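Taken together, the values in this text are just the output of simple stated rules run on the coordinates, not laboratory data. The shown structure was predicted, so the numbers you read here are calculated from the model rather than taken from an experiment. Neighbour counts are summed over all protein chains in view; Cβ atoms, including those assigned to glycine, are modelled from backbone coordinates with ideal geometry.
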Amino acid sequence: MNHGFIKVAGAIPSVKVADCKSNTASILGLIKQAVKEEVQLICFPELAITAYTCADLFHNQLLLDEAEKSLSDLLEATKNDSIICIVGLPVKSRNQLFNSAAVFQWGKLLGIVPKNYLASYNEFYESRWFSSAQDAVRKELFICGQRVPLGNDILFSNDTLTFSVEICEDFWTPLPPSSYHALAGSQLLFNLSASNELIGKHTYRKQLITQQSARCMAGYVYVSSGFGESSTDLLFSGNAIVCENGTILAENERFSLKEQLVINDIDIERLSIDRQKNSGFMQGLSTQKGDYNFRTVAFEMPIYKRFVLNRDVFPFPFIPTGLELNDRCHEIFNIQVNALATRLHHTGIDKLVIGISGGLDSTLALLVCVKTCDKLGINRKNIQGITMPGFGTSERTYNNAIELITTLGVSLQEISIIEACNQHFKDINHQGELDITYENVQARERTQILMDLANQQNALVIGTGDMSELALGWATYNGDHMSMYAVNTGIPKTLVRYLVKWVADNKIEQAAKKTLLDVIDTPVSPELLPTDNKGNIAQKTEDLVGPYELHDFYLYYMLRFGFRPAKIFFLAKHAFRGKYDEAALKKWLKVFIKRFFSQQFKRSCMPDGPKVGSINLSPRGDWRMPSDASAKMWLDEVEKL
């Protein structure tokens, strides 16, 4: 496979009811189109060869014979193609007729999968014509000159992929066959459907698809009947959906009069890692009743010389997207606020001390503090906003810090650290070189001030450092690295910036909007080195350790899915195409890996803070890593890119 990706397609042909030859021509045309697009597996709707709405014609021998002949024609026409095709048709076995899916490759039938649950209520009469898979007398049949496995207990498998098939009503039931398929090892589930349209049905259908793919931690390809089906009493809109573990990757336009092919890439490696990490997934084999004795049919994985990724790779995996954007931001912010509220309630403390630099992280932490106090009915004046100008403090950040503290109604205290740091330089015989000691002295002096003020007032020191800084070790050990409760430890830098903007844009603190927007536009900097001759920030973090948007991207895919550097690099090339060249991506990936491994000791003793998303670096929670782990294998792979 190409970095674990499988290219799949959902195909919606135009059909003519009971015209097998015409339908087969449409099916073949879409298969040939898919081959050009280098699709590896393609799925068609339920009973696509005959059309779903043939009704009592399903008992006509001519229709059944023509359906089998059409399948033979498809086998002959695709005998030189490696693509795996899944096509619906009625199949007769002795005295039983099955609503079936034929799975074939290289002109050979791999298996016939009948529908298990027949829709026989309201407008559906399937049990009038078909038998259920569970009532099948035989486990194989002779069709199109080939002896073929028959049943819904078939898994199609090779060394890299296992897939399975269910049909329409199967996945509307409480225990869909695909649930058992997934527990038995199927990573990719196909559903051939008809599914007419009713008001609200499409929304419910999508919920079922996303929930089933998430529950099974699988890829799910759903395809339903479209234009050409009988409109006597029903309307079929044609719907193709490609879903991966609860996320819809691609969907067609419903109610189209044209044939459609929806192509996307399922990340099988990503799914396998999720199943591997989730200890509860495989426990289902022993705790749930069911028949897991599946037959396995081997197939050959289609391989193309050229691989083009069809799916989008979003460059900001931590940032919410879509229609629920506002709700997601509100939820993230509430997690932070309620976590801090819980800690204050537990300790009985009603005073907070927080250092305000005028930068992004301290701004978000301050917003969390004021909203927590509002929630608990604590006067905002109980928050001590401490600004501590030093050798590198710029006029811009200083003014923004003062403006934020006063605008938000927080108590302001200004304590310069310059005199104390100079005294400390003398004490340790430091000659004023702009080295790491020069920088860390300032960070530790600020932390000492915050801790001592908190002791004086029986208050909590609220940490401001974010998850990206923890990942890179971009914090002074026992300096800004330490606090009494750290509200941003579950928030990466890209999300910090976004949340501050969300607060500004949604008028949550309207009086502070102008200042918040300026904070967003300010370069990220610890401001530990002197400003330039114009008083501007000279020490820019991203010039030193690299762009945070890249580091957050690397962090997400390394921790969330355990991807190796080669795959992360491959994804980054797609996500940041046109913005960073390969040399830059490789350079900063190497920096990320080096720093991530070498700085674990800082994460091993990080303060408490709430988990917000699927990734967290707390040694008490999601991430347990030895501080002396070697990065050599990862760096060696980067060198080979």
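Cα centroids of segment 118-137 and segment 554-584: 49 Å apart. Along segment 176-189 the Karplus relation, 6.51 cos²θ - 1.76 cosθ + 1.60 evaluated at θ = phi - 60°, assigns HN-Hα couplings of x, x, 5, 5, 5, 4, 5, 5, 7, x, 6, 9, 10, 10 Hz to successive residues, with x for each Gly and Pro. Students often get this wrong, so try it: which of (1) 28.4; (2) 32.7; (3) 34.6 is mean projected area of the Cα convex hull in nm² as calculated from the structure shown? So the structure-derived entry is (2). Listed by chain and number, the aspartates and glutamates whose alpha-carbon sits under 15 Å from that of Lys640, ignoring those within fewer than 8 places in the same chain, are Glu582.
Check each of the chymotrypsin sites (Phe, Trp or Tyr not before Pro) in segment 381-488 and keep only those in coil by DSSP with at most 10 other C-beta atoms within 10 angstrom; list them in order. Sites meeting the loop and neighbour criteria: none at all.
For the pair Lys579 and Val137 in one chain, pulling the backbone fully straight at 0.36 nm per residue adds 153.1 nm over the alpha carbon distance.
When the Cα gyration tensor is reduced to axis lengths a ≥ b ≥ c, the ratio a/c is 1.5 or higher for segment 1-60, and with a/b above b/c it is classed as prolate. Count Lys and Arg as plus one, Asp and Glu as minus one, and take only other residues whose Cβ is under 13 Å from that of Lys590; the net charge is then +2. Set the Cα radius of gyration of segment 325-639 against 2.2 N^0.38 Å, with N its number of residues, and you get 0.99. Annotation note: trypsin sites (Lys or Arg not before Pro) in segment 74-136 located in DSSP loop regions with a Cβ neighbour count of at most 13 within 10 Å are Lys79, Arg94. Multiplying the residue separation of Ile428 and Thr347 by 0.36 nm and subtracting their alpha-carbon distance yields 25.4 nm. Taking K and R as +1 and D and E as -1, what net charge do the other residues with C-beta under 13 Å from the C-beta of Ile356 add up to? Local charge sum for Ile356: -4.
What pairs in Lys79/Lys305; Lys21/Lys79; Lys36/Lys69; Lys277/Lys573; Lys21/Lys92 have C-alpha atoms more than 23 Å from each other?
Numbers: Lys79/Lys305 19 Å; Lys21/Lys79 19 Å; Lys36/Lys69 25 Å; Lys277/Lys573 27 Å; Lys21/Lys92 19 Å.
Where the Cα-Cα span goes over 23 Å, the pairs concerned are Lys36/Lys69; Lys277/Lys573.
Counting Cα-Cα pairs of segment 251-368 in 5 Å increments starting at 0 gives whole-percent bin shares of 2, 6, 7, 10, 12, 12, 11, 12, 9, 6, 5, 4, 2, 0. Computed about its Cα centre, the charge dipole of the chain is approximately 620 debye, with only Lys, Arg, Asp and Glu carrying charge at their Cβ.
Beyond a 24 Å Cα-Cα separation, which of these cross-linked pairs lie in this structure: Lys540/Lys602; Lys16/Lys108; Lys32/Lys206? Pairs exceeding the cut-off: Lys16/Lys108; Lys32/Lys206. List the GluC sites (Glu not before Pro) within segment 102-195 that DSSP assigns to loop and that have no more than 15 neighbouring Cβ atoms inside 10 Å. Hits after loop and neighbour filter: Glu123.
Of the complete DSSP H runs in the chain, those spanning 30 angstrom or more by Cα along the long axis with a mean Kyte-Doolittle score not below -0.5 are 325-347.
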